Amino acid sequence: MSTKPIPTGMGSWSADGAQTSHDQLAELHDYSNRPARLPKPLDPANDNLDISLDDRLGMYEMQQVLRQMEKRAYDLFLQNLVKGTSHLSLGMEAIATGVARAQRPDDYTFATYRGHAHTMAKGAPLGPVLAELLGRDNGIVKGKGGSMHLTSVENNMMGSYAIIGSHLCIANGTAWSSQMRGTEQVTVAFFGDGATNIGAFHEALNLAATWKLPVIFVCENNLYMEYTPIDLVTAVPNPAADRAAAYGLESIIVDGNDADDVYIAATAAVAKARAGDGPSLIEAKTYRQGGHSRADPGKYRPQEELDAWLAKDPIPLYHQRMLRLGVDETTLLNIQQNVANRVDEATEFAKSGSEPGPELLMTDVWANGGSAWRN
């Protein structure tokens, strides 16, 4: 019989009846002492992938937008201007960038509460995005959603969802709608590694595969499901890709810190879905540079692991690739400065907004904009 301690609220008891103290439990669950999970090096062969220079320049610019906007959101949070917490995508920008570049403007996107990058990559304006984080009435949903619920229906960004895994089933709805209407629109649903152990993940995959829905499920595997290492609570090494076979899908793993690698896989998955050949499941290996949210210092991670992943930051690595491909430094610096100017303008726009007034309280609650019809 196993003698592994069983956690309880006041300590834990092993099978032989001995109680484990809080100090012992703390040591048992101090993940910073675990062996570091190090990234694989960037594949140099990806320099030669069949991607146009225009697409690469576009992805370089988008990664700059996402990085600089997330840094600005962090700064505004420290100034106590961001309402509520925020979940940043620093270090994970290549995934949103690569997938969005493969999509059509009329394709659908669903994201988690860590959805800033996906919202902007889908085309949402920067000013209203920042304003939403500040809870202002010029925000993208009038300051009523905040960081965790960014939505831009006009860009077919169908929402950021805080309930883990719930949006995967909803994403099947837009995919089914596209299938029924014959529009060839493709739905993409992003989710974290923790969602792979949620029932909705398996339900969504099963239905999508059975009905051959035009949907792509993208797992952003940053190794931690909030504070817990995903490998400690998952029966397979690759939490998304290793489950694909159960639903008759190909196991696809990409380097989530390489926008080109993501783009190639996403392009193939989009083409498959648009042709009516059903869903795909992509697992992108990545790492968040900060904690789970602004309330989390992230001290549970081994320092060697953090240092190794910081060294594989997707932004400077892509910068170096562009130089190797013949793009001059001045061009790249001009893109960076142009993005910086746009972020400054977005910040001033966001700060210019007011807090939502009482006249907005009952708007967007019911389908017709009000509740009077119910009474």
(Q) Could you tell me how many of the residues in the stretch 254-267 are of a type in the set (A, V, I, L, M, F, W, C) and surrounded by fewer than 21 Cβ atoms within 10 Å (Cβ to Cβ)? (A) 1
Q.
Please list, ordered by residue number, the helices (runs of 4 or more DSSP H) wholly in the stretch 21-121 having 1 or more residues that are over 20 Å from D260 (Cβ atoms).
A. 22-28, 53-78, 116-121
Q: Among the residues of the stretch 170-183, write down those that are surrounded by 16 or more Cβ atoms within 10 Å (Cβ to Cβ) and more than 24 Å from the chain's Cα centre (by Cα).
A: Q179
**Q.** Residues within the stretch 293-351 that are within 30 Å of K142 (Cβ to Cβ) and aliphatic (A, V, I, L, M), tallied
**A.** 6
Q.
Of all residues being free of Cβ contacts under 8 Å to residues at least 40 places away in the same chain and of a type in the set (A, V, I, L, M, F, W, C) in the stretch 33-91, which is surrounded by the fewest Cβ atoms within 10 Å (Cβ to Cβ)? Just the residue, please.
A. A45
Q) Exactly one of (1) in contact with a Ser or Thr (Cβ under 8 Å, 6 or more places away or on another chain); (2) in a helix (DSSP H, G or I); (3) not hydroxyl-bearing (S, T, Y) is unmet by G173. Its number? A) (1)
Q) Scanning for something surrounded by fewer than 24 Cβ atoms within 10 Å (Cβ to Cβ), within 16 Å of the chain's Cα centre (by Cα) and on the phi > 0 side of the Ramachandran plot, does the stretch 116-138 turn up at least one residue? A) yes
(Q) What's the total number of residues in the stretch 211-248 that are charged (D, E, K, R), surrounded by fewer than 24 Cβ atoms within 10 Å (Cβ to Cβ) and within 19 Å of H87 (Cβ to Cβ)? (A) 1
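A quick yes/no check of all residues on (1) of a type in the set (G, A, S); (2) in a strand (DSSP E or B); (3) free of Cβ contacts under 8 Å to residues at least 24 places away in the same chain; (4) out of contact with any His (no Cβ under 8 Å at 6 or more places or on another chain):
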| residue | (1), (2), (3), (4) |
| --- | --- |
| L213 | no, no, no, yes |
| F217 | no, yes, no, yes |
| P239 | no, no, no, yes |
| A244 | yes, no, no, yes |
| E250 | no, no, no, yes |
| V254 | no, yes, no, yes |
**Q.** Identity of the residue in the stretch 184-210, of a type in the set (D, E) and touching a Pro at 6+ places or on another chain (Cβ under 9 Å), that ends up surrounded by the fewest Cβ atoms within 10 Å (Cβ to Cβ)
**A.** E184
(Q) Pairs needed: first member in the stretch 335-361, farther than 11 Å from L134 by Cα and modelled with pLDDT of 95 or more; second member anywhere, charged (D, E, K, R) and buried (at least 18 other Cβ atoms within 10 Å of the Cβ); C-beta distance under 8 Å; at least 6 residues apart or different chains. (A) V343/R72; A346/R72
Q.
Restricting to the stretch 290-334, and then to whatever is of a type in the set (K, R) and at pLDDT below 95, can you tell me which residue is nearest to the chain's Cα centre (by Cα)?
A. R294
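The values are calculated or read from the model by the stated rules, or taken from the named source; none is laboratory data. Just so you know, these numbers come straight off a predicted model, no measurement behind them. All Cβ positions, even for glycine, are placed from backbone atoms using ideal geometry, and neighbour counts span all protein chains on display.
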